[in-house]
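Chemist: What follows is a single structure, and I will ask about it in a moment.
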Amino acid sequence: MLNQERVFEELAKHGVTFFTGVPDSYLNGFCNFLVNHVPENRNIIAANEGNAIGIASGHYFATKEIPLVYMQNSGMGNTINPLASLAEKDVYAVPMILLIGWRGQGNTEPNHPQHKLQGEITPGLLEVMHIPYSILMDDDGNFKEVAEKAVAYCREKRQPYALIAPKGVMA
């Protein structure tokens, strides 16, 4: 598992200090760190993933700070409309980091068939929405590079960038 203190230090170094989303057990270490170390007004737990995109967008409009939205990949469907009709570059061009727990990746969950299709389509769904992504590894040095790349993309393009977290990387 990534060192969550280092994850948050790296994000803060790049100005990412506002978080919203729906907790996921694949992101358990990340979510636990949020609850225990981030002030409540900097972490808004949303009713669903689409609401989190709206909250993140509002935060960006008010502050020009890049927010991070966390979710399970099964909640990505709830984000399609707000990402396509609000955050999209030709609408309001809202940069944000999407942290997505990747259930159903490969053979990680043979006992949970409900995650199989969602796991298969997670990267493709991001590609269809023109959202670049990186697949996180259990490597703190790699996270530093990926975070820098993601934030630079968000700043330059004013668009979302996704970080996909396989099982065990954030929990």
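Chemist: What do you get for Rg/Rh of segment 77-171 when both radii come from the Cα atoms and Rh is the Kirkwood radius?
Modeler: Dividing the radius of gyration by the Kirkwood radius yields 1.00.
Chemist: Identify all lysines with a Cα-Cα distance to Lys116 below 16 Å; exclude those on the same chain that are fewer than 8 residues away in sequence.
Modeler: Candidates past the 8-residue exclusion: Lys167.
Chemist: What does the charge dipole of the chain about its Cα centre add up to, to the nearest 20 debye, if the Cβ of each Lys and Arg holds +1 and the Cβ of each Asp and Glu holds -1?
Modeler: Dipole of the chain, to the nearest 20 debye: 260 debye.
Chemist: Moving on. Among 20-27, 1-8, what's the highest-first ranking by average C-beta atoms within 10 angstrom per residue?
Modeler: By packing density, highest mean first, the sequence is 20-27, 1-8.
Chemist: Share of segment 1-139's accessible area from carbon and sulfur, percent, 1.4 Å?
Modeler: Result for segment 1-139: 53 percent of the exposed heavy-atom area is carbon or sulfur.
Chemist: Going by a ≥ b ≥ c, the root eigenvalues of the Cα gyration tensor, does segment 62-116 fall in the rounded group (a/c under 1.5), the prolate group (a/b larger than b/c) or the oblate group?
Modeler: Prolate is the answer for segment 62-116, as a/c is 1.5 or above and a/b outweighs b/c.
Chemist: Multiplying the sequence separation of Ser85 and Glu9 by 0.36 nm and subtracting their Cα-Cα distance, what value in nm do you get?
Modeler: Roughly 24.2 nm would be gained on extension.
Chemist: Something else now. Please report, for the Cα atoms of the chain, the Rg to one decimal and the Dmax as a whole number; what are they, in angstrom?
Modeler: 14.6, 44
Chemist: On average, how much accessible surface per residue is there in segment 1-98, in Å², for a 1.4 Å probe, leaving out ligands, DNA and RNA?
Modeler: Per residue, segment 1-98 has an accessible area of 43 Å².
Chemist: Here's another thing I want to ask about it. Once you wrap a convex hull around the alpha carbon atoms of segment 9-61, what is its projected area averaged over all directions, in nm²?
Modeler: Reported value for the Cα convex hull: 3.9 nm².
Chemist: Oh, and also: Near Lys13, which lysines are there with a Cα under 17 Å away, not counting those fewer than 8 places off in the same chain?
Modeler: Cross-link targets: Lys64, Lys144, Lys149.
Chemist: Same structure again: Sort 96-102, 122-128 for me by packing, meaning the mean count of neighbouring Cβ atoms within 10 Å per residue, highest on top.
Modeler: 96-102, 122-128
The values are calculated or read from the model by the stated rules, or taken from the named source; none is laboratory data. Keep in mind it's a predicted model, so treat the numbers as computed, not measured. Reconstructed Cβ throughout: ideal geometry from the backbone, glycine too, with neighbour counts over all protein chains shown. Calculation scope for accessible area: heavy atoms of the full protein, side chains included, ligands and nucleic acids excluded. Shrake-Rupley method; radii C 1.70, N 1.55, O 1.52, S 1.80 Å.
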